[in-house]
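Accompanying notes for the structure given below.
The values are calculated or read from the model by the stated rules, or taken from the named source; none is laboratory data. Because the structure is a prediction, the values reported are computed rather than measured. With ideal geometry, Cβ positions are generated from the backbone for all residues, glycine too; neighbour counts draw on all protein chains shown. Calculation scope for accessible area: heavy atoms of the full protein, side chains included, ligands and nucleic acids excluded. Shrake-Rupley method; radii C 1.70, N 1.55, O 1.52, S 1.80 Å.
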Amino acid sequence: MKILLVEDEPKTLQLIKEGLEQHQLEVDIAYDGLLGLTLAQRNYYDLIISDIILPELNGLQLCKKIREQNIATPILLLTAMSTPEDIVTGLDAGADDYLPKPFEFAVLMARVRALTRRSSNSASTANILRMADLELNLDSKLVKRGGKEILLTAKEFNLLEYFLRNPGRVISKVELAEKIWDITFDTGTNVIEVFVNFLRKKIDKDFDKKLLHTQIGMGYVMKE
């Protein structure tokens, strides 16, 4: 597994790099956002870990430019700014997850595993999941609705896949936290709600028939 680490603080960069390598992960490093963008364009990575405050391009700008080029690599932002507004800004820029500083390395590794894990039963399931005119291709990682391609981040793709594998079933935030984020749900965060809203805007907003619904007080359900 190959990871791009974008961090300008030498001590933090070295600690994270060494910790990742101890888990048998290959790590490329960049000390500024511009070099991070160049490496992301040139190489394939399973995950990009980036600080937000960076020289040249900050982490938010880096996320936006990566997504503008249709690079769907999962992005984990490290940030000392952890207000709901800061989190929403980061996710809206194209990040898949965030981790407030300071953090325990074990927590970082849990996020890394959650963002890079592959579905253990994908080989025994259909390569294409469908509902109405919505189509998700597990091989090409393409999502289309009404024949129109929809660009999703890696986390949005995983979220949509989970909904499509559980049609008509109300799925709680607790379940989504465990299955998609690999964490225990924190009632003080609105990250799941934000991601569901992002996904809903992309797959439902421009279509008459809505597929992703909120069951107030219970969770979310994908149904026609």
Diffing the range 197-210: the Karplus 3J(HN,Hα) column from phi (6.51, -1.76, 1.60, θ = phi - 60°), in whole Hz with x for Gly and Pro, holds 5, 4, 4, 4, 4, 6, 9, 10, 4, 8, 10, 5, 7, 8
So, by mean Cβ neighbours within 10 angstrom, what's the order for 137-145, 43-51, 195-203 with the highest one leading?
43-51, 195-203, 137-145
Treating the angle as unsigned and between 0 and 90°, give the value, to the nearest 10°, between the Cα long axis of helix 10-22 and the longest Cα principal axis of the chain.
60
[x] 19.1; [y] 18.2; [z] 20.2, with the label sought being that of the calculated Kirkwood radius over Cα pairs in Å:
[y]
Report, in degrees rounded to the nearest 10, the 0 to 90 angle that the Cα long axis of helix 59-68 makes with the longest principal axis of the chain.
50
With every protein chain left in place, what is the accessible area per residue of the chain in square angstrom, probe 1.4 Å?
50
When the helix-only estimate is applied to the chain (DSSP H runs of n ≥ 4, each -39,500 (n - 2.57), divided by the residue count), what is the mean residue ellipticity at 222 nm, nearest 500 deg cm²/dmol?
-11500 deg cm²/dmol
To the nearest 20 debye, what charge dipole does the chain have about its Cα centre, counting +1 at the Cβ of each Lys and Arg and -1 at the Cβ of each Asp and Glu?
900
Rank-order 130-136, 206-212 by packing density, defined as the average count of other C-beta atoms within 10 Å over each peptide's residues, highest first.
130-136, 206-212
Check which residues have an amide H placed less than 5 Å from Leu142's amide H, if you skip close sequence neighbours.
Asn137
Per the charge dipole of the chain (beta-carbon charges, Lys/Arg positive, Asp/Glu negative, Cα centre), the residue among Ser140, Ala72, Asn166 reaching farthest to the positive end is Asn166
Take the cross-link list Lys141/Lys210; Lys2/Lys202; Lys2/Lys148 and give me the ones stretching past 24 Å between alpha-carbons.
Lys2/Lys202; Lys2/Lys148
For the chain, longest principal axis from Cα atoms; helix 33-42 axis from its Cα atoms; angle between them, nearest 10 degrees, is 60
